[in-house]
Amino acid sequence: LQALNEIMWPVIKDMIREEIFKVAEEMENANKPNVSKDGKINNLIALEAAVMVEAGWMDLVDEVWVVLADESKQKERLMARNNLDAAEAEKRINSQISNKERAAVAHVTVWNRGSLEDLRAILQKEIQSVKSRYSKLSAFEAIDVVDKDNNVLMQTKRAVATAFKLTCRCTHVVLVHEPSGGIFVQKRSKWKDSYPSTLDPASGGYCNSGEPYEACAVREMREEMGIDLDNKLTFVSPIYFEDTTGSQWAYLYCAKTQKGINDLQVQEEEVEAVTLMKPNEIVQLAKKDPQAFIPDGLFAFNTFMEKTSANM
């Protein structure tokens, strides 16, 4: 059986991939965009495969959902569905990977312990959640997932990394207004998925898959602030940050500019406003009201203050 699987699984994988491409093309030709104007997901493709983990087909999908049942319930259902006796059902269960092994690779785990209606209700809720995860075009940007040593593990979509708190690469830039010594502090848009309307004294964002850190920092500042920092960034420090919303391996940069707030072209979808604050003002406000700041941006700013001896 193992020899047969080694022959057939790669062939079946190619067939599945072709079918996915075919369905996706049919959806595109139907003039039904994947993301509607109101930001809602129109199209989902589900691949049902009992041996997805064992066959190595997980790279065909964005998310792996695993439906599990207690062993006693599995046994009961197998006996009823396949007309097996207890020993045969137990043998069938033991020939498969365990629930623990399946759950270890799952993005979403669904427990099927009740009726069909119970399962349907759970799945409907999860489907709404996955549509929410992919509700913005930026959700489809490919980014790299890394380990705690910053080694690339795999590529995934931004929505997946955010939803499942995967460690990714990011950049932060402390931008200094040279004439005043103030720091450009963003107020995040109220429509942001995480930490809306909070202050960010070290703005930046996710690196695209394979994108160098510095190129990411330049791109993000150009997109969000309308300022070109190509060849104007000073590297400060690598930083690892982790909180309840996720983790990141980031590179921290600083830059100085003569431009004022009125010279910026702010990306309204990302940034509600920009203000200038003295470093000591940021420090004092953070002590008084740390919730006013996005945590990773505040951590990056504090790292900047620790690492630089510049007289602001």
> Can you give me the relative contact order of the chain as a percent, contacts being Cα pairs under 8 Å and 6 or more apart?
Replying inline: 15 percent
> Once the Cβ-Cβ distance between M27 and Q258 is put in as r, and R0 is 30 Å, what FRET efficiency do you end up with, to the nearest 0.05?
Replying inline: 0.05
> Hey, which lysines would be in cross-link range of K187, C-alpha to C-alpha under 19 Å, not counting anything within fewer than 8 residues on its own chain?
Replying inline: K259, K278, K287, K288
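What range in the chain is the longest one free of trypsin sites (Lys or Arg not before Pro) that are in a loop by DSSP and have at most 10 other Cβ atoms within 10 angstrom?
On the way: sites that count: K37, K148, K190.
Counting at most 10 other Cβ atoms within 10 Å as exposed, the longest clean stretch of the chain is 191-312.
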> Quick one: if you stick a label point 7 Å off each Cα along the C-beta vector at A87 and Q284, how many nm between them?
Replying inline: 8.2 nm
> For the pair A80 and L4, what calculated FRET efficiency results from E = 1/(1 + (r/R0)^6), where r is the Cβ-Cβ distance and R0 = 22 Å, to the nearest 0.05?
Replying inline: 0.20
> Say the dipole of the chain comes from +1 at the beta carbon of Lys and Arg and -1 at that of Asp and Glu; which of I97, T198, I122 then lies farthest toward its positive end?
Replying inline: T198
>> Given a 1.4 angstrom probe, I'd like the percentage of the accessible area of region 208-257 that is carbon and sulfur, rounded to a whole number.
In response: 48 percent
> For the residue pair Q267 and K307, what label-to-label distance in nm results when each label sits 7 Å from Cα along the Cα-to-beta-carbon direction?
Replying inline: 2.2 nm
> Please state the relative contact order of region 73-160 as a whole percent: Cα pairs under 8 Å, 6+ residues apart?
Replying inline: 15 percent
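What does the charge count near R113 come to, summing +1 for each Lys or Arg and -1 for each Asp or Glu among other residues with Cβ under 10 Å from its Cβ? Could you put the intermediate results ahead of the total?
Details: positive: K73; negative: D70, D118.
Net charge in that neighbourhood comes out at -1.
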> When the accessible area of region 108-177 is computed with all protein chains present and a 1.4 Å probe, what percentage of it is carbon and sulfur?
Replying inline: 52 percent
>> Between V11 and L123, how high is the FRET efficiency from 1/(1 + (r/R0)^6) when r is the Cβ-Cβ distance and R₀ = 35 Å? Nearest 0.05.
In response: 0.70
> Tell me, what is the percent relative contact order of region 140-276, built from C-alpha pairs under 8 Å that lie six or more residues apart?
Replying inline: 30 percent
> Any idea of the accessible area per residue across region 142-221, 1.4 Å probe, to the nearest Å²?
Replying inline: 40 Å²
>> List the aspartates and glutamates whose Cα sits under 17 Å from the Cα of K157, skipping any in the same chain fewer than 8 residues away.
In response: D59, D62, E63, E141, D144, D147, D193, E211
> How much length, in nm to one decimal, is gained on full extension between V110 and L60, taken as 0.36 nm per residue of separation minus their Cα-Cα distance?
Replying inline: 16.0 nm
>> If you filter region 201-294 for GluC sites (Glu not before Pro), then keep DSSP loop positions with at most 14 other Cβ within 10 Å, what is left?
In response: E268, E269
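Could you pull out the longest piece of the chain with no exposed loop chymotrypsin sites (Phe, Trp or Tyr not before Pro) in it, calling a site exposed if DSSP puts it outside H, G, I, E, B and it has at most 16 other Cβ atoms within 10 Å? Each step should come with its number before you reach the end.
Details: sites that count: F164, W191.
In short, 1-163.
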> T275 label point, 7 Å along Cα→Cβ, cut-off 17 Å on backbone N: hits in region 191-208?
Replying inline: 196-203
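The values are calculated or read from the model by the stated rules, or taken from the named source; none is laboratory data. Note that the structure is predicted; figures quoted are calculated from it, not measured. In this analysis, Cβ positions are derived from the backbone assuming ideal geometry, glycine residues included, and neighbour counts consider all displayed protein chains. Calculation scope for accessible area: heavy atoms of the full protein, side chains included, ligands and nucleic acids excluded. Shrake-Rupley method; radii C 1.70, N 1.55, O 1.52, S 1.80 Å.
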